[in-house]
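Each reported figure results from applying straightforward, stated rules to the coordinates on display, with no laboratory input. Since the model is a prediction, treat every value here as computed from it, not as a measurement. Cβ atoms come from the backbone with ideal geometry, glycine included; neighbour counts cover every protein chain shown.
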Amino acid sequence: MPTGDDLTVLAGQHPEGIRHPLLSITPQVLTAALTHLRTASFEQGGLLVGSAWSAPGGPPEQPARIRVLAAVPAREQVGDAVSLRMAGTVWSDANSLLDRLRARQPEARIVGWYHSHPDLGAFFSATDRRTHRAFFMHSYSVGWVIDPVRAEHAAFLGKNCQMICVHLEA
């Protein structure tokens, strides 16, 4: 099973002085997502549960950091080499997890989604952008794309689907 050291971070390579929000992913989330996405040669996905914070003194609607605490795989999904459709049960599964998490972390919420691009590279396609804008319209909403074959990943934020920095926690 690959670890964070095995993945190439495609996000975060930006000109000096440009600050992007940081996406922080726990080792448990990385392991869960890779375990799920490596089980098939077609696209698969799920939802991301975590927390989002704005910078002190920064605009509250602009996240400075998003920390992903859990990956919730879609149990019912239809995918092929270039597309994915997740059933509504993934939202129920994520909300059940949130009900349990909020006792300890009241700020927890669905912060986005993840999906695979097996052997296609880690990028946000036009379809991914439409899906993101339709279902994940918050400024903190993250789309995380993983190519489990090429061991690449990238993350995109908000309605403009801006590529952001990814930090894989140790």
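In this structure, does Ala134 turn out to be part of a loop (DSSP other than H, G, I, E, B) and either farther than 23 Å from Thr39 by Cα or touching a residue at least 24 places away in the same chain (Cβ under 8 Å) (or both)?
Details: part of a loop (DSSP other than H, G, I, E, B): no; either farther than 23 Å from Thr39 by Cα or touching a residue at least 24 places away in the same chain (Cβ under 8 Å) (or both): yes.
No.
Which residue pairs have Cβ atoms under 6 Å apart, sit 6 or more places apart or on different chains, and have a first residue in segment 69-87 that is aliphatic (A, V, I, L, M) and a second that is assigned to a loop (DSSP other than H, G, I, E, B)?
Ala81/Phe42; Leu84/Glu43; Met86/Ala74; Ala87/Glu76
Quick check: anything in segment 38-45 within 15 Å of the chain's Cα centre (by Cα), hydrophobic (A, V, I, L, M, F, W, C) and within 22 Å of His115 (Cβ to Cβ)?
Checking segment 38-45: not a single residue is within 15 Å of the chain's Cα centre (by Cα), hydrophobic (A, V, I, L, M, F, W, C) and within 22 Å of His115 (Cβ to Cβ).
Which ranges mark the strands (runs of 3 or more DSSP E) fully within segment 32-130 that have 2 or more residues being touching a Lys or Arg at 6+ places or on another chain (Cβ under 8 Å) and crowded, with 22+ Cβ neighbours inside 10 Å?
Working: elements: 45-54, 63-73, 77-79, 84-86, 109-116.
Per the criteria, 45-54.
State whether the residues of segment 143-164 include one that is surrounded by fewer than 20 Cβ atoms within 10 Å (Cβ to Cβ), in contact with a strand residue (DSSP E or B) (Cβ under 8 Å, 6 or more places away or on another chain) and in a helix (DSSP H, G or I).
The answer is no, given that none of the residues of segment 143-164 is surrounded by fewer than 20 Cβ atoms within 10 Å (Cβ to Cβ), in contact with a strand residue (DSSP E or B) (Cβ under 8 Å, 6 or more places away or on another chain) and in a helix (DSSP H, G or I).
Between a residue in segment 25-36 that is on the phi < 0 side of the Ramachandran plot and any residue that is among the acidic types (Asp, Glu), which pairs come within a Cβ distance under 7 Å, given they are 6 or more apart or on different chains?
Ile25/Glu169; Thr26/Glu169; Pro27/Glu169
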